[in-house]
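Engineer: Structure provided below as structure tokens; questions to follow.
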Amino acid sequence: MLTTGDAQQILELNFSDWVRDLDITVAEISETACVTHIPLSPKLARVGGIVSGQALMTLADTTMVLATAGAFGEFRPVATTNFNCQFLRPGTGEQIQCRAEIARAGKSLATVEAHLISLPSAKQIARAQATFFLP
């Protein structure tokens, strides 16, 4: 089973610089889920001062990939075959929390769902689903 330190190291060693620039912190990881946070800063804001959809989608995708690592007990490169994101309300506040849960992890495909929450309000701002191919 991976620790949060293991997952943070996976993030640092396997993701591009621009993803790491989001300042993602792994808060929890297990065989069924991963929870991450990013601080909100002006560089993530779009017109109107809300967090950009691109940042939210990157956080969701990254957290879902880390969740697959938790499910398999190690990092395995995956290829996104499907990604869907619904934006529910503007992302504001101090940070965004993403909780990704494994819906199914098979031999060749993993299906993962993510919920993005604005903190401190605890309001859900987006949800995403992805399917990853496991080479």
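What follows draws every value from the coordinates through simple rules; no lab data is involved. Just so it is clear, the model here is predicted, and its values are computed rather than measured. When we count neighbours, we look across all protein chains shown, and the Cβ atoms used for this are built from the backbone with ideal geometry, even at glycine.
Engineer: Taking neighbour counts of Cβ atoms within 10 Å as a proxy for exposure, in what order, fewest first, do M1, M64, M57 appear?
Structural biologist: So the ranking, lowest neighbour count to highest, is M1, M57, M64.
Engineer: Along the Cα→Cβ direction, 7 angstrom out, place labels at F87 and E12. What is the inter-label distance in nm?
Structural biologist: The modelled label-to-label distance comes out at 3.3 nm.
Engineer: How big is the charge dipole of the range 1-96 about its Cα centre, in debye rounded to the nearest 20, if each Lys and Arg gets +1 on its Cβ and each Asp and Glu gets -1 on its Cβ?
Structural biologist: 380 debye
Engineer: Filter the chymotrypsin sites (Phe, Trp or Tyr not before Pro) in the range 67-97 to those in DSSP coil with at most 15 other Cβ atoms within 10 Å of their Cβ, and list the result.
Structural biologist: Hits after loop and neighbour filter: nothing returned.
Engineer: Something else: Using DSSP to define loop residues, name the GluC sites (Glu not before Pro) in the range 1-90 whose beta-carbon has at most 15 other beta-carbon atoms within 10 Å.
Structural biologist: When the GluC sites (Glu not before Pro) of the range 1-90 are filtered for loop state and at most 15 Cβ neighbours within 10 Å, E31, E74 remain.
Engineer: If I take R0 = 25 Å and measure r between the Cβ atoms of D21 and S108 in this structure, what FRET efficiency does the formula 1/(1 + (r/R0)^6) give, to the nearest 0.05?
Structural biologist: 0.20
Engineer: For the range 72-124, run through the trypsin sites (Lys or Arg not before Pro) and keep only the ones in DSSP coil with at most 13 other Cβ atoms within 10 Å of their Cβ.
Structural biologist: Answer in residue order: K107.
Engineer: Additional query: So what's the gap between the Cα centers of the range 106-135 and the range 25-58, to the nearest angstrom?
Structural biologist: 12 Å
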